[in-house]
Amino acid sequence: MSVSEGVPPTLINPEAEAALLGATMVENGLIDIAVEMIGPEDFGFSLHGRIWAAMVREHNAGRHAGPIAIRGYVEEDPELKAMGGVGYLARLTADPAGFIIPTKDLAGQIKELAVRRRLLSGFRDAQRQCADLDCDVTGIVSAVDDVIRSPVDETSRQVTAGECLDALVASFDEPRTGVTCGIISDLDDLLGALRPGSVNIVAGRPGMGKTALALTYARGAAEQGHGVQLFSLEMGSTVLISAES
C-alpha cells in the first residue's frame, strides 16, 4: 500500500484502519459514529481512504456499504489488486479487532495519527523554506502558525436534531449563569444572561448606536466583576472611551 514518502511507520496504524473498515462494513450504523471524526484523507494508507470514501457514499445513499456494494468503486484499483483483489474487502470483515475495540477509539487513533502526519509535513515544509533565503521570514512564521492552528480548528461536527433537543432538555436543569449588562435592564429582561460559548451579534444600520450599546453592555458587565476585552477595527481607545461616556 502506498503511503506518503518519509512518513515514520509509527504514524500509521494499518491494523486500526483495517479493523475500522471491517467493523463498519458489517455494522453500517457505526459509520455514523466514525464519519464525524475522520475523512478519507485521514487514513495512512491511501487505499483504505478510498475504501472509506466509497463506503460513506453508499451509506449516505441509504444502501448497505458492504464488500459487494463497494466492489465497483475499487475493484480496478492497482493497490487493491496488489493486496489480492476484491477478496481483501471480504478479509477486512473477518478482522475481530473491529468488534472488540470501540469504533470511537479506532477512529480517534486514526485521526490523531493523521494530525501528527500533517504537523510533520507542515514543519518539514517550513524547514525547507527556512533554508531557502528567497523565502520571506514573515511568510514562514505565518505558515508555521497555520500548521499549528489547523489541527486545533478541526473541531466542528454535525449533530442531529435529536441530539440538539436532548441537550436543550438537559440544559433546563442547569444553573442559569452568564453575563448581564446591569445598566440596560430592558435588554437584560429581553435576552437574559449571555451564556459562555455563545455568539451574540449586534446589528443595525449606520448611526443607530451599535457601538454605544456594546460599550455600555461591556461597562455594565465589567462593573459586575466580569472580565471584558474589546476589539475595534474602526475606533481608537480614546475615541471609544469618549463614545461610551
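Exactly one of these conditions fails for Ala97: (1) under 14 Å from Ile110 (Cβ atoms); (2) under 24 Å from the mean Cα position of the chain (by Cα). Give me its number.
Result: Ala97 passes all but (2).
What about Phe123, is it of a type in the set (Phe, Trp, Tyr) and either outside the structural domain of Glu17 (by TED's automatic domain parsing) or farther than 21 Å from Leu20 by Cβ (or both)?
For Phe123, the condition - of a type in the set (Phe, Trp, Tyr) and either outside the structural domain of Glu17 (by TED's automatic domain parsing) or farther than 21 Å from Leu20 by Cβ (or both) - is met.
Search segment 1-30 for residues being of a type in the set (S, T, N, Q), loosely packed, with under 15 Cβ neighbours inside 10 Å and over 13 Å from Gln109 (Cα atoms), and hand back the single one that is modelled with the highest pLDDT.
For segment 1-30, the residue satisfying everything is Ser4.
Checking the conditions here, which among Glu41, Glu79 is assigned by TED's automatic domain parsing to the domain that holds Lys104 and in contact with a Leu (Cβ under 7 Å, 6 or more places away or on another chain)?
Glu79
Give me a count of the residues in segment 1-27 that are part of a helix (DSSP H, G or I) and either charged (D, E, K, R) or under 18 Å from Ile101 (Cβ atoms) (or both).
The number of residues fulfilling the criteria is 13.
Quick one: would you say Phe172 is among the aromatic types (Phe, Trp, Tyr), more than 17 Å from Phe43 (Cα to Cα) and modelled with pLDDT of 80 or more?
So Phe172 does not fit the description; no.
Looking at Gly98, Gly72, can you tell me which residue is surrounded by fewer than 19 Cβ atoms within 10 Å (Cβ to Cβ) and either assigned to a helix (DSSP H, G or I) or of a type in the set (Gly, Ala, Ser) (or both)?
The match here is Gly72.
Given the conditions (1) at pLDDT below 90; (2) small (Gly, Ala, Ser); (3) loosely packed, with under 11 Cβ neighbours inside 10 Å, which single one is not true for Ala131?
(1)
The values are calculated or read from the model by the stated rules, or taken from the named source; none is laboratory data. Since the model is a prediction, treat every value here as computed from it, not as a measurement. Neighbour counts run over all protein chains shown; Cβ positions are idealised from the backbone, glycine included.
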